[in-house]
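Read through the structure below, which is laid out as structure tokens, and then see the notes.
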Amino acid sequence: MHALILGAAGMIGRRLVDVLVAEGRVGGQPLTGLTLLDVVTPTAPEGVPGPVRAEAADLTAPGAAEAAIRDRPEVIFHLAAVVSGEAEANFDLGYRVNLDATRSLFEAIRAAHEAEGYTPKVVFTSSLAVFGPPFPAVIPDDHILRPATSYGTQKAMGEMLLADYARRGIFGGIGLRLPTICVRPGKPNKAASGFFSGIIREPLAGQEAILPVPDTVRHWFASPAAAVGFLTHAAELDLARLGTRRSLTMPGVSATVAEEIEALRRAAGDKAVALIRRQPDEAVQRIVETWPESFDTAAATDLGFRADASFDAIVAQHIAAFHGG
Ligand SMILES: NC(=O)c1ccc[n+]([C@@H]2O[C@H](COP(=O)([O-])OP(=O)(O)OC[C@H]3O[C@@H](n4cnc5c(N)ncnc54)[C@H](O)[C@@H]3O)[C@@H](O)[C@H]2O)c1
């Protein structure tokens, strides 16, 4: 099977490429080709037994969606997006990338579907930001979509489009509401959630980390490896099992900042914890107050999606990947 990854140079996209190439499979079949697109030129991997196209492409540009599906990939992972903080700061950019480019992609697939019967499987990455307050303590699978940010609104609209195009048989579609990814490697990005990773990643690298919110803040997490596991599992899943529920909240680990810090202490000791500097930031606190804390994800769990075992496991995974164990 040929796979297309949109947003292939991103944090999750890069890991997904590595896993698909290492496993040599996608959607339960041998991997026969890869198309990797991103505004930042993705790195072309070695070892794919078939054509690899890794190119810079701005999916908001006219004709970009048609060009993206030129190789008629059987599986499309749509990860390209402007993240939460940036979509809030730049209204036009957020709507252009997160909504308009998604619709253009779906329209390009529709044209090819109508012309030649092309019917790929689309795995769309949505977010917990489709939900907004007030929240119950544990949010059920069918909680109302009531986004409190532009990013969440754009993802919710993406979910709706996905459901409608899939209902019409234009493509097989599944939306995954990813938990906040932690520990996010590399430099901090513009996501307001960045500190959740920063307070683990920076101390483990011997650097100071800023904590802008109280220790009592609770949130829903998955490791980068778990996120890639959700994507590869979605690509394999028989979508008839979804019924009318096209987008699913992915299982995660619910943890407070205090629990994160204790997991860091167990892994790296008091010296690492001492590198966390509390510097309350009201703007970040206000955003975080609108975020959910915990979910009942029975629908996804029943379909075989699996979370990390604990927050300690999330920390251990980051240490194994970036600090040689
Ligand atoms: N990381 C998280 O905590 C998290 C949580 C929930 C959902 N998600 C979603 O998962 C997906 C992947 O997230 P990530 O953490 O890897 O984000 P990321 O920012 O690292 O990757 C997104 C990629 O999209 C690319 N992109 C942006 N605009 C583009 C355009 N116009 N054309 C082509 N490419 C463009 C970026 O260059 C980037 O490489 C995103 O859709 C994100 O909204 C992530």
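The numbers here are math on the coordinates, done by the rules we state, and not lab data. A quick note: this is a predicted structure, and the numbers were derived from the prediction, not measured. For neighbour counting, all protein chains shown are included, and Cβ atoms are generated from backbone atoms with ideal geometry for every residue, glycine included.
Details
- For segment 292-304, Karplus couplings with θ = phi - 60° (6.51, -1.76, 1.60), whole Hz, Gly/Pro x: x, 10, 7, 9, 9, 10, 4, 4, 5, 5, 4, 8, x
- Assigned charges on the beta-carbon of Lys, Arg, Asp, Glu; segment 218-325 dipole about Cα centre (debye): 140 debye
- For residue 187, a cut-off of 29 angstrom between C-alpha atoms picks up these lysines, skipping any fewer than 8 places away in its own chain: 155, 271.
- Packing-based exposure ordering (other Cβ within 10 Å, fewest first) of 114, 159: 114, 159
- Angle of helix 224-236 to the longest C-alpha principal axis of the chain, folded into 0 to 90 degrees and rounded to 10: 30°.
- Here segment 257-325 is treated as a Stokes sphere of Kirkwood radius computed over C-alpha pairs; at 37 °C and 0.692 mPa s its diffusion coefficient rounds to 222 µm²/s.
- Each 20 Å bin from zero up to the one holding the largest Cα-Cα distance in the chain carries the following percent of pairs: 33, 59, 9, 0.
- Residues residue 286 and residue 164, FRET efficiency given R0 of 22 Å [Cβ-Cβ distance, rounded to 0.05]: 0.05
- Inverse of mean 1/r across different Cα pairs in segment 54-98, Kirkwood, Å: 11.9 Å
- Dipole orientation for segment 262-302: of the candidates 275, 264, 300, 275 has the Cα lying most toward the positive pole (charges on Cβ; Lys, Arg +1; Asp, Glu -1).
- Each part reduced to its alpha carbon centroid, segment 309-325 and segment 16-69 end up 28 Å apart.
- Cα-based values for segment 75-162, radius of gyration first and Dmax second, are 14.5, 48 Å.
- Segment 209-253 - convex hull of the alpha-carbon atoms, volume per residue in Å³: 106 Å³
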